[in-house]
Every structure is written in structure tokens, then in C-alpha cells.
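Here is the structure we will look at, set down as C-alpha cells.
The values are calculated or read from the model by the stated rules, or taken from the named source; none is laboratory data. Quick caveat, the model's predicted, so the values are computed rather than measured. Cβ coordinates were reconstructed from backbone atoms using ideal geometry, including for glycine residues, and neighbour counts include every protein chain displayed. Ligands, DNA and RNA are excluded from the accessible area calculation, which covers all protein heavy atoms including side chains. Shrake-Rupley method; radii C 1.70, N 1.55, O 1.52, S 1.80 Å.
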Amino acid sequence: MLQTFRRFATLDRMQRVLVIEAAVLMFLGWVGLRLFRFLTLQRLFDRVVMLTSSQPAAAEEDVVPRVRRAVIAVAARWSPATCLVQALAADVMLRRRRLSCVVRFGVRQTGTTGDPLEGHAWVECGGSTVDAIDGQSVFRVLSR
């Protein structure tokens, strides 16, 4: 725990803000998925984006990789952060910074006898994915 705090303290200010934002949004997404239907939660997050987004478009080109690192770092330390929770948080974080992105859902066959299909969610933004794994190449997209 102390080592985690030390690593957090060494981050630059923007990255610390992103990590805190990712943690809060992932928690809200996790709770929201238990309380609301997905579309209701998505509308609530749309409202959050509308009310809290920054005025100018994000000027830094490294925003997407920074958001990706923040989301993956929080998810690595909090086991309830499923791919859907991570995708919802990353989507809100990027849209708050006026970046155009979309949440994708995909499936793949597992080849095991238990569950024949495995699902996954990720965010696509500016030609890159915000995802711990490259869902874009591993999973078949359900919707475009």
C-alpha cells in the first residue's frame, strides 16, 4: 500500500488527476451497473460529460495514452473493474476532454466447453484503443 502511494506521489499533476478521475468514474460505473440499466447509466454519464467537459478541445496529443495508463493502473489495483467498467470510465474521461470516441462491444469463441463465447468492451478513440488488451484485433465487434 505504501509503495502504491509513493508511486502515485511521483506522478506528474495531470497523471494524478487522471488516476483519481479514473478511480471515481470506475466506482460510479460499477455501482451504476448494479442500480440501473446500461442505457440509463450511459445517459447519466452523458449528462456528466455535458456538465463537466472542458471548453476547448484537448490540446495535448498524448491524452489518449495518459487516460489509458490511468484506467489500466486503477483496474490493476481494483478487481471489480471489469472491461465494461473500464470502458465506461475511459469513454467519459475522453469525451470530457472533447475527444470523439466510441465504446465497442465484441465477442470471441473461447474453445472451452464451459462458456462458448467471451464478451469484451473497449473504447476506440482517434484510431487507437483504450484497453488493457487489444480488443479491436482479438474480438469480433458486435456493432459499428
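Within this structure, VAL71 fails the test of being within 14 Å of LEU28 (Cα to Cα), open to solvent by less than 50 Å² (accessible area, probe 1.4 Å), part of a helix (DSSP H, G or I) and in contact with a Phe, Trp or Tyr (Cβ under 7 Å, 6 or more places away or on another chain). For segment 52-60, the condition of being open to solvent by 50 Å² or more (accessible area, probe 1.4 Å), closer than 15 Å to LEU18 by Cβ, of a type in the set (D, E, K, R) and over 15 Å from the mean Cα position of the chain (by Cα) holds for at least one residue.
The residue pairs whose first member lies in segment 79-107 and is of a type in the set (Phe, Trp, Tyr), whose second member is at pLDDT below 90, and whose beta carbons are closer than 7 Å, counting only pairs six or more residues apart or on different chains, are PHE105/GLY119; PHE105/LEU142; PHE105/SER143.
Being under 27 Å from VAL138 (Cβ atoms), acidic (Asp, Glu) and surrounded by fewer than 17 Cβ atoms within 10 Å (Cβ to Cβ) is not true of ASP91. Against the test of being exposed (fewer than 15 other Cβ atoms within 10 Å of the Cβ), under 18 Å from ALA132 (Cα atoms) and not β-branched (Val, Ile, Thr), the options ARG34, ARG77 yield a single qualifying residue, ARG77. One residue stands out among those in segment 125-144 that are under 17 Å from ARG69 (Cβ atoms) and open to solvent by 30 Å² or more (accessible area, probe 1.4 Å): the one that is modelled with the lowest pLDDT, which is ASP134.
Taking the condition modelled with pLDDT under 90, part of a loop (DSSP other than H, G, I, E, B) and out of contact with any Cys (no Cβ under 6 Å at 6 or more places or on another chain), does ALA58 pass? Spelling it out, ALA58 is indeed modelled with pLDDT under 90, part of a loop (DSSP other than H, G, I, E, B) and out of contact with any Cys (no Cβ under 6 Å at 6 or more places or on another chain).
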